[in-house]
Amino acid sequence: MSTTPRIPQRRLGATGPTTSVLGLGCMGMSDLYGPADETESIATIHAALDAGVTLLDTGDFYGMGHNELLIHDALRGRDRASVQISVKFGAQRGPDGQWLGYNASPAATKTALAYTLRRLRTDYIDVYRPARLDPAVPVEETVGAIADLVKAGYVRHIGLSEVGADSLRRACAVHPISDLQIEYSLLSRSIEAEILPTARELGIGVTAYGVLSRGLLSGHWKNERALAGTDFRGHSPRFQGDNLTHNLDLVEALRAVAAERGASVAQIAIAWVASRGGDVVPLVGARRRDRLTEALGALDVTLTTADLAAIEAAVPAGSAAGDRYAAAQMAHLDSEH
């Protein structure tokens, strides 16, 4: 096993676990970004663990359980206690992969965890969270059900995902919340107005996903890139027509800033998210070892005040063209807009 120096660590909120400053989002290894190589995916998880990454993020609906099974295979023979596994639940999908809504009722919550524990072959989950709010179930009931699982020892910490400020307050009244998982990048900054300040007021950390805006900020995206039919970016407004052209122009402006620092576009984008505060843990979605190596290089980038000003000039807040998701897929954040 590698003896690469450990990655710096951060705590997820006032009550959450201490994790590596970067986490590995594993979704793309099983779903939504087109075909992935399972052997390379496991090798990438191994490389991340060997480098000192301790936080692995998944969802029970990523590949309808495949992602959890993949993580189990990758962790075989590893020290379970040295890894934090974060799991989202609640999304309902058909055998054809279609999205059928969300179910975060207490019974569904506990049933979902039972299956997750079996697929991962573990006795507990470090952070368990609904993927979205269930419009039919008050957030207090969902959090209360997970709190029962905490008391029983099956869950260590409770997280939330894609919720607004009011829901954060309501959830915290039931049980301490370790972190909010939400999209946060140079192209997605709406949380800065109300959600992020509320999280900080309540002692809730942020695990930021989409830090490369699903590849737009990777520096590797081309306007003419063909997408597999299973790649949801083929329907994402930010990847369509004039929106994509505009967004790639922003990337080129950011590339000039990165070149001045001797860094890649991806490294600057990741470093920017990491610079937002000691309570923010970026999740990188690398599916291959070369992309992981590039992402980890962001840890060597320390942004100065001048760097941050140059980045802001290149990619101003609100400058992205197109929504994060198609309208039918958007989470209804109670305080985002």
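The values are calculated or read from the model by the stated rules, or taken from the named source; none is laboratory data. Treat the numbers as computed from the prediction; the structure is a model and nothing was measured. Ideal geometry is used to build each Cβ from the backbone, glycine not excepted, and the neighbour counts take in all protein chains shown. The area values use the complete protein model at the heavy-atom level, side chains included, leaving out ligands, DNA and RNA. Shrake-Rupley method; radii C 1.70, N 1.55, O 1.52, S 1.80 Å.
What do you reckon, is residue 98 at pLDDT below 95 and over 24 Å from residue 54 (Cα atoms)?
Details: at pLDDT below 95: yes; over 24 Å from residue 54 (Cα atoms): yes.
Yes; evaluated as a whole, the condition is true for this residue.
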Cross-chain or 6+ apart pairs with Cβ under 7 Å, the stretch 156-179 first and at positive phi, then among the β-branched types (Val, Ile, Thr) and open to solvent by less than 60 Å² (accessible area, probe 1.4 Å): 162/182
- prompt: With respect to residue 150, is the statement that it is in contact (Cβ under 8 Å) with a residue 24 or more places away in the chain, part of a loop (DSSP other than H, G, I, E, B) and open to solvent by less than 40 Å² (accessible area, probe 1.4 Å) true?
  reply: no
- line: residue 333 meets each of (1) closer than 25 Å to residue 249 by Cα; (2) at pLDDT below 95; (3) buried (at least 18 other Cβ atoms within 10 Å of the Cβ) with one exception, condition (1)
message: Quick check on the stretch 269-293: of everything there that is farther than 15 Å from residue 184 by Cβ and open to solvent by less than 20 Å² (accessible area, probe 1.4 Å), which residue is nearest to the chain's Cα centre (by Cα)?
response: 286
- prompt: What do you reckon, is residue 159 part of a strand (DSSP E or B) and not charged (D, E, K, R)?
  reply: yes
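Kindly indicate whether residue 67 is open to solvent by less than 60 Å² (accessible area, probe 1.4 Å), free of Cβ contacts under 8 Å to residues at least 40 places away in the same chain and within 23 Å of residue 133 (Cβ to Cβ). Before you say what the answer is, go through the steps one by one.
On the way: open to solvent by less than 60 Å² (accessible area, probe 1.4 Å): yes; free of Cβ contacts under 8 Å to residues at least 40 places away in the same chain: no; within 23 Å of residue 133 (Cβ to Cβ): yes.
Taking the combined requirement at face value, the residue does not satisfy it.
Within the stretch 75-100, take every residue that is open to solvent by less than 30 Å² (accessible area, probe 1.4 Å) and more than 19 Å from the chain's Cα centre (by Cα) and give me the one that is farthest from residue 22 (Cα to Cα). Walk me through how you get there before you give the answer.
Restricting attention to the stretch 75-100, the residues satisfying the condition of being open to solvent by less than 30 Å² (accessible area, probe 1.4 Å) are 75, 83-91, 94, 97.
Checking which are more than 19 Å from the chain's Cα centre (by Cα) leaves us with 75, 94, 97.
Working: 75: 18, 94: 32, 97: 29 Å.
Among those residues, the one meeting the criterion is 94.
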- prompt: Among all residue pairs at least 6 apart or on different chains, which show Cβ distances below 6 Å where the first residue, located in the stretch 114-130, is touching a residue at least 12 places away in the same chain (Cβ under 8 Å) and the second is open to solvent by 10 Å² or more (accessible area, probe 1.4 Å) and among the hydrophobic types (A, V, I, L, M, F, W, C)?
  reply: 119/69
